[in-house]
Structure formats: structure tokens, C-alpha cells
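Beneath this line is the structure, given in C-alpha cells, with notes to follow.
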Amino acid sequence: MKRVYLARGVAGDGDLRYRVDALLPPKGLGGLDAAAELLAEAVSTDQRILIVGDYDADGATGTALAVEVLRALGARRVDYRVPDRFRFGYGLSPELVASLGPRPADLIITVDNGIASLRGVAAAREAGARVLITDHHVPGPALPPADAIVNPNLDGDAFPSKHLAGVGVMFYVLAAVRARLTAHGWFGRTRRAPRLADWLDLVAVGTVADLVRLDLNNRVLVAQGLKRIRARRCRPGIAALLEVAGRDAGRTNAADLGYAVAPRLNAAGRLSDMRLGIDCLLESSPERARVAAARLDDLNRQRQALQGEMQEQAEAIVAGLATGAERQDRRSLTLFEPDWHQGVVGLIAARLKDRYHLPVIAFAPAAPGADELKGSARSIAGFHIRDALAAVEARAPDLIGRYGGHAMAAGLSLERERLDEFCDAFEAVAAERLDPETLGKVVLTDGGLAPAEITLELADSLARAGPWGQGFPEPLFDDFFAIEELRPVGTEHVRLLVTHERGGAAVEAIAFRRRAEDFEGARERIRLLYHLTVNEYRGRRSPQLLVRHVL
């Protein structure tokens, strides 16, 4: 464990004490004083507050957090809206503002969006609303004309952590509002100040789901949220989502949030309306929460089926590129199919990015038969995808309609007839900025384990030692094994029984999205890169290798 921690830059015990009082103080987070004053006034004077969220899990948890905590602080007129991605697109757009009516609210607060909503913020203010932007995305050259902006990634912002998710930014804003209301004497015998730590389950889900870097501050937020989930002191909606995914809330880890809770929340935003996900998180009744979670689970199954079909089409497109006139020395992949679903193209881009280790943009029509395309981009380390889009815009100012994002992911729109032109422009930027060293896929491991170290005790220690995630990766080990048994599980997975090359007892292994043929060539001595995990089956717990790479 010491070896694992040292490899991740842990300097001492202080980097592993995930207590609430270890959180960074709000000092230095730009715009926080103005935001706290705006919100404290809105709460204390009974103003109409409207939260405008985003249609992913970070936006959903941040929206639920804002609604619940503001009500707990004493706000009586709080509502929320999430833009329909198929009608309004992303963020606080002028079209969304127009749909809210002549006087949408006294105060509009964005969560996980807004830093690029220059026209939308202007429209909201023209309609008589004040606007508070809370976001974590990298801003463009101009900022929206909001009454206050809180974003740790603004130029010159002094907050030490630049990796807060949208829900994390909102958590800090609400903490500042509570402090401001306390200073104004708002709380007393009839109104108690809420403990914001009670909502850290929401912060944990959104932080893990958004794949932000788990620096120490984010690890504290996630660890404290997991602590509350394991103690079954979480939102009924989170408990229900874990239950419908077959996960034990008492043993929840960060991977459960990322692979069980987040996809079911995201399915609502991808295929339907994120209000379904937010309402699940806001539900106070365990029974109604189970009903909502079951509906989200069904949407997730639909998403999986649709993604499978689109993935096959995408692989066929890439295969055609490799064998046709376009050679395999490409520096990017840009794909489009007229019947693709815009809510799923981001997943396709992510899967292809992992498979081919290239920046990928997948496009779908903004609506069936529409001339406008919506693209979702995913990138590799060393290639800042938002900056690359900015470079394309600089060369062809009228090519991209709208775009935004950060280093590893972005979204954009453009006219269908200009797709080929965009593909050429983006490939040119990628060719200039991606060198062979960056394109070479490197996997960092924690070295090998001795046979005597592959134990249930170590697997349990690794599970408790998290939270693991972006920037603080789950330990990945590297050893040679002989395959004793091998059998397919369904059509996409393989279960194995392997023996370490240095002896010891045989151990079970599972490889997801693999075929039996992947292992046939080297059964006597095969190199596996794996996580050491716990397999639980019918009350029996045993160590298991979760295979990530086969070499």
C-alpha cells in the first residue's frame, strides 16, 4: 500500500485524512462573495429562484443539491429547469430563456453550465432576472454579462483546486450562502442552519461521474459522500439506483458511483428528459424512489442497446478508413451517420478514443433530418480538445456554430454540408499538434504482485484505500500467468482461471468486452494488466483479477 500511495504523489498521512475539515476553505474562489450576497438576499426576501442545470450526472446532482439546500436554508420559491438537449441544446440559451415566459424568475442560477452562455445571460437579464453563473468549464475569450460568476477556472482565480466538478462549485457556493445568512442572523430558534455535509452523497456522485481529477480536495468530497452512502444516510434516490444495479450500498465505492449510478442518471439526459433523474434524486420516499430508479434502469438498457448498434456502425466506418484512400497515419477520427442519436455519440467517441488512442468526434443530426449536426469530442492526454476547436475556429471563423468544453471532452455544432470541410480542418490541427510520442499509447502500472500478495486481504485494503479515479487511478498490476481454464460469459466477456508464473494457487479472473480468441495464442504464458478486486458470489468472497489489458 505504501508503494501504491507513493506512486500517486501521497506525501504523508495528511494526504489520506479525508475529513470534512480537510476541505479547502472557500477563500480565493473568485466571485463567491458576490454570489453569496445575491443568494442570501434572494432567500431572505422570498424571491423566485430558478436553477438551470445540465443534462448529465454532474448537472443533475448539482441541480438537486441546489434545490434541496436552498429549501433547507429557507427559500420557499425554488424551481429548476434542464434544457431539452434536442430542442434547446446545452446551457442557458436565448431559446430556453424565451420558453420560460416574460418574467422567468428574480434570480437564475446556472449549475455546471453558463460560462459560454453570453447571449442567454443577456436575454435573461433583459427579461428582468438577475443571473448567477456557477460552472467549472474553461471560459472563452469573453465572459457572459452575469451579476456574479463562480468558476475556479477563470483567469486569475486563486482557488488552489482547479478540478472541482459543477456540483463541487455549487457546494462551495451554498456553504458561502449559509455563512452569509448566519452572519445576518437568519437562523435562530425557529429556523436551524442545515449541515451541508449531509448532502455530500450528491457531491460524490457528480464528482466521480464527471471524471474530474481526484486531487486531495475532491477525494475528501468523494470519500465523505461514500461514507454517508455506506452508512445508508444518503438520498433515497441514490440508494434505489444502487439497488436496481445490484450493488450493496454498505460496500459502495467510487467505481459503483461511476459505473452503476451515473450511467442510469445520464440515460435520462441522453434519451429522454433529465428531470427524471433529478426527480429521482429529490425523492424523499424510498418507495417512489425505487419506481423512479426502475424507470432510469429501463432507459439505461435502451441506451445500451442503441449504443451497441451505433458502435458496430462506427467500427465499420473506421475499418473503411483504414483500407480505403485515407491511410492509417491519421491523427484524428471524425464520424457521422444520419441515423445516429445525439445523446449517445459521446459514448461512441469515448469508446473509439480508447480503442484507437486518437482524438475522436462523433456527429449526429440535431434532430431527425436536420441540417445542423451536434458533435461530441473525446481526446487523449496531450491534446487539448477545446483548444483544438478554438484553433479550427481561428482558421475558419464561420465553420463551427457553437462549441465548448475542456481538455478531454467538448461539444460542438455545425452545418451538415460543411462536415467534410470541418474534418479536414480538424485533422490539420491534430496533425500539427500530435507527435508520435503523444500518439504512442502508454499504460502506467504499479508493477507486479508476488503470488502470496494476491489475497483477499490486499483486495479489501485496495477497495478501502480509495476513492480511486481520474488523477488518482486504481492500482493496476502487471504479471505473467498461465491459463488453466477459460470460458466465455455471454457474447462479450471471458472468465478465466489463471496461475501466476511464479507459482501459488490458481486465481479467478474476468475480462470484460473480450473474446476467447484474445487469449488463445499464449495460454501457457500470457501477460495481464489487472486490478485486484473482490469477487462475491453466493456469500463467498475471494480475490479476483479484473483484466484491463492483454499483452
### Message
Just to check I understand the Karplus step: with θ = phi - 60° and J = 6.51 cos²θ - 1.76 cosθ + 1.60, what whole-Hz values come out for segment 133-148, glycine and proline as x?
### Response
9, 10, 7, 9, 6, 5, x, x, x, 10, 9, x, x, 7, 6, 7
### Task
For every helix of n ≥ 4 consecutive DSSP H residues, a contribution of -39,500 (n - 2.57) applies; sum these over the chain, divide by its total residues, and give [θ] at 222 nm rounded to the nearest 500 deg cm²/dmol.
-12000 deg cm²/dmol
### Task
Just tell me, in residue order, which DSSP H segments of the chain are both 20 angstrom or longer along the helix axis (alpha-carbon based) and at least 0.5 in mean Kyte-Doolittle hydropathy.
57-73, 166-183
#### Entry: Equivalent ellipsoid semi-axes - Cα gyration tensor, the chain, angstrom
39, 31, 21
### Message
Sort LYS162, LYS353 by heavy-atom solvent-accessible area, probe 1.4 angstrom, most to least.
### Response
LYS162, LYS353
### Query
Using θ = phi - 60° and the Karplus form 6.51 cos²θ - 1.76 cosθ + 1.60, what ³J(HN,Hα) does each residue of segment 541-551 get, whole Hz, x for Gly and Pro?
10, 8, x, 9, 8, 9, 6, 9, 9, 10, 10
### Message
Between ALA381 and THR190, what's the calculated FRET efficiency when r is the beta-carbon distance and R0 is 51 Å? Round to 0.05.
### Response
0.40
### Task
Give me the number: length gained by fully extending VAL534 to THR438, i.e. 0.36 nm times residue separation minus the C-alpha to C-alpha distance, one decimal in nm.
31.1 nm
### Query
Excluding ligands, DNA and RNA, what is the solvent-accessible area per residue of the chain at a probe of 1.4 Å, expressed in Å²?
45
### Query
For ALA505 and LEU271, what is the calculated FRET efficiency with R₀ set at 51 Å and r taken between the beta-carbons, to the nearest 0.05?
0.65
### Message
On a 27 Å Cα-Cα criterion, which of the cross-link pairs LYS353/LYS374; LYS2/LYS353; LYS227/LYS353 come out too long?
### Response
LYS2/LYS353; LYS227/LYS353
### J(HN,Hα) series, segment 491-503, from Karplus relation 6.51 cos²θ - 1.76 cosθ + 1.60, nearest Hz, glycine and proline x
9, 10, 10, 9, 10, 10, 10, 10, 10, 4, 5, 9, x
### Summary
Gyration tensor on Cα atoms of segment 35-165, a ≥ b ≥ c root eigenvalues, a/c under 1.5 rounded, else prolate if a/b beats b/c, else oblate, says rounded
## Note on the structure
Carbon/sulfur accessible area of segment 1-76, % of total, 1.4 Å probe, equals 52
### Query
Ranked highest first by average number of other Cβ atoms within 10 Å, how do 12-24, 380-392 line up?
380-392, 12-24
### Message
If I histogram all Cα-Cα distances within segment 115-234 using bins 5 Å wide from 0, what percent of pairs lands in each bin?
### Response
2, 11, 17, 17, 18, 16, 12, 6, 2, 0
### Query
Which one of HIS184, THR438, ALA255 is farthest out on the positive end of the charge dipole of the chain, using unit charges on Cβ (Lys, Arg +1; Asp, Glu -1) and the Cα centre as origin?
HIS184
#### Entry: Computed accessible area, PHE512, all protein chains, 1.4 angstrom probe, square angstrom
100
#### Entry: Computed magnitude of the charge dipole of the chain (debye, nearest 20; Cβ of K, R +1, Cβ of D, E -1)
2060
### Query
When the dipole is taken about the Cα centre of segment 270-371, and only Lys, Arg (+1) and Asp, Glu (-1) are charged at their Cβ, what size is it in debye, to the nearest 20?
300
### Normalised alpha carbon radius of gyration of segment 415-489 [divisor 2.2 N^0.38 Å]
1.88
### Query
To the nearest 20 debye, what is the magnitude of the charge dipole of segment 387-505 about its Cα centre, counting +1 on the Cβ of each Lys and Arg and -1 on the Cβ of each Asp and Glu?
280
### Query
TRP468 accessible area, nearest 10 Å², 1.4 Å probe?
40
### Task
Please give the solvent-accessible surface of ASP354 in Å², to the nearest 10, using a probe radius of 1.4 Å with every protein chain present.
80
### Query
Under a Cβ-Cβ cut-off of 11 Å, what is the net charge of the residues other than ASP46 that fall near it, where Lys and Arg count +1 and Asp and Glu count -1?
+1
### Summary
Residues whose modelled amide H sits under 5 Å from the amide H of GLY404, counting only those 5 or more places away in sequence or on another chain, are GLY411
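The values are calculated or read from the model by the stated rules, or taken from the named source; none is laboratory data. Keep in mind that this is a model prediction, so the values were computed, not measured. Cβ: placed from backbone, ideal geometry, glycine included. Neighbour counts: every protein chain shown. Surface accessibility is based on the protein's heavy atoms, side chains included, excluding ligands, DNA and RNA. Shrake-Rupley method; radii C 1.70, N 1.55, O 1.52, S 1.80 Å.
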